[in-house]
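Visitor: Below: one structure in structure tokens.
All of the numbers you see were taken from the coordinates with simple rules; none came from a lab. Note that the structure is a prediction, hence the values are computed from the model and not measured. So basically every Cβ, Gly included, is an ideal-geometry build from the backbone, and we count neighbours across all protein chains shown.
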Amino acid sequence: MAYITCKDLAVGYNKTAVASGINFTVGKGDYLCIVGTNGAGKSTLMRTLLNLQPPVGGEIVTGDGLKSYEIGYLPQRTDTQKDFPASVKEVVLSGTQAGSRRLFYSRAQKERAYKNIEELGIWELRNRSFRSLSGGQQQRTLLARALSGTDKILLLDEPITGLDPSAAAQLYEITDELNRAGVAIIMITHDLAAIEHADHILHVDRSHNFFGSKIEYMNSEKWKLFQEIEEMEHDGAAS
């Protein structure tokens, strides 16, 4: 059974849907990219999957033993995050508290956090202040934090925003490695290059959504339109 199954899901605020008719599944080892224009409801969908707000309609079914605290989350970067007054080690350790009622970290929690710090290539930074890091190093730290609470599924909201091309490429390499190890990835993105890393695409477009394989999506009219819109926005931002 899939980790997450959405059936005719509608998401929004105050019982008013901003996107509806959303149907998709994500299971172990899947890599799903969620795309769509600004305001289509992608971030609202993400918050709904995280149980931060209730669905307006339809349902979200979890399976394969997935517990709510086993969904790792990498939010969009904010100025508040950039100035977080803690060390890398402290930030990553805090991720182990998901589903735990302990006041102090156990040996197993510390070992898990340190393992993720090492595997994400930030061991030498473990005692550095989080706010002293580069954007790419901060994203690696937050990804290590998310992984310290789960090895099942990660939700990533625009993870490469604000990163230089080298840091973005490194982040994609990391998510690819995690995915090959069996971690399911759900990524909201505006980056056309991200499509290459996914095996399935969810294009959110009010009530006219698309869900299917990457190949099916890249042969669809929605992909052509998405490319045109993103290229126009990129050209506008560059001018």
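Visitor: At 222 nm, what value in deg cm²/dmol follows for the chain if DSSP H runs of at least 4 each add -39500 (n - 2.57) and the sum is divided by all its residues, to the nearest 500?
Guide: Value at 222 nm, helices only: -10500 deg cm²/dmol.
Visitor: OK, next. Per residue and in cubic angstrom, what volume does the convex hull of the Cα atoms of the stretch 15-103 have?
Guide: 162 Å³
Visitor: Give me the mean projected area, in nm² to one decimal, of the convex hull enclosing the Cα positions of the stretch 91-157.
Guide: 4.9 nm²
Visitor: Moving to a separate point now. Let me spell out the model: positive unit charges on the Cβ of Lys and Arg, negative unit charges on the Cβ of Asp and Glu, origin at the Cα centre of the stretch 68-161. What dipole size does that give, in debye rounded to 20?
Guide: Using only the charged Cβ atoms, the result is roughly 360 debye.
Visitor: Sorting Asp30, Asp205 on the 10 Å Cβ count, fewest up front, what's the list?
Guide: Asp205, Asp30
Visitor: Compute the distribution of all C-alpha to C-alpha distances in the stretch 45-150, in bins of 5 Å from 0, and list the percent of pairs in each, rounded to whole numbers.
Guide: Pair shares across the bins are 2, 12, 21, 20, 18, 13, 8, 4, 1, 0.
Visitor: From the residues Ile201, Ser68, Gln139, which one has its Cα farthest along the dipole of the chain in the positive direction, the dipole being from +1 and -1 charges on Cβ of Lys/Arg and Asp/Glu about the Cα centre?
Guide: Ser68
Visitor: If the cut-off is 21 Å between C-alpha atoms, which lysines fall inside it for Lys28, apart from same-chain ones fewer than 8 positions away?
Guide: Lys7, Lys67, Lys152, Lys214
Visitor: If you place +1 on the Cβ of every Lys and Arg, -1 on the Cβ of every Asp and Glu, and leave all else neutral, what size is the dipole of the chain about its Cα centre, to the nearest 20 Debye?
Guide: 1300 debye
Visitor: Can I ask one more? Of the labelled options [x] 1, 5, 10, 12, 13, 12, 11, 9, 7, 6, 4, 3, 2, 1, 0, 0; [y] 1, 7, 16, 20, 21, 17, 11, 5, 2, 1, 0; [z] 1, 6, 13, 17, 19, 17, 13, 8, 4, 1, 0, which one gives P(r) over Cα pairs in 5 Å bins from 0, in percent as computed for this structure?
Guide: Matching the structure shown: [z].
Visitor: Another question, then. Can you list residues from other chains, or at least 5 along the same chain, whose modelled amide H is less than 5 Å from the amide H of Leu202?
Guide: Hits under the 5 Å cutoff: Cys33, Ile34, Val35.
Visitor: Please find, in a Gaussian network model of the chain (springs between Cα atoms separated by less than 10 Å), the residue of Arg140, Arg206, Arg180 whose mean-square fluctuation is greatest.
Guide: So, out of Arg140, Arg206, Arg180, the one fluctuating most is Arg180.
Visitor: Have a look at Ser213, Phe84, Pro55 and report the one farthest towards the positive end of the charge dipole of the chain, computed about the Cα centre with Cβ charges (Lys/Arg +1, Asp/Glu -1).
Guide: Value computed over the given set: Phe84.
Visitor: Next up: At q = 0.15, 0.24, 0.26 Å⁻¹, what is the log10 ratio I(q)/I(0) for the stretch 22-61, with the Debye formula run over Cα points and no solvent?
Guide: -0.40, -1.00, -1.12
Visitor: Still on this structure: Provide the per-residue ³J(HN,Hα) series for the stretch 200-214, in order, calculated from phi with Karplus coefficients 6.51, -1.76, 1.60 and θ = phi - 60°, each as a whole number of Hz, with x at glycine and proline positions.
Guide: Each residue of the stretch 200-214 in turn: 9, 10, 10, 9, 8, 8, 6, 10, 10, 8, 10, 9, x, 5, 4 Hz.
Visitor: Give me, ordered by chain and number, the residues 5 or more places off Tyr73 or on other chains with an amide H under 5 Å from its own placed amide H.
Guide: Leu155
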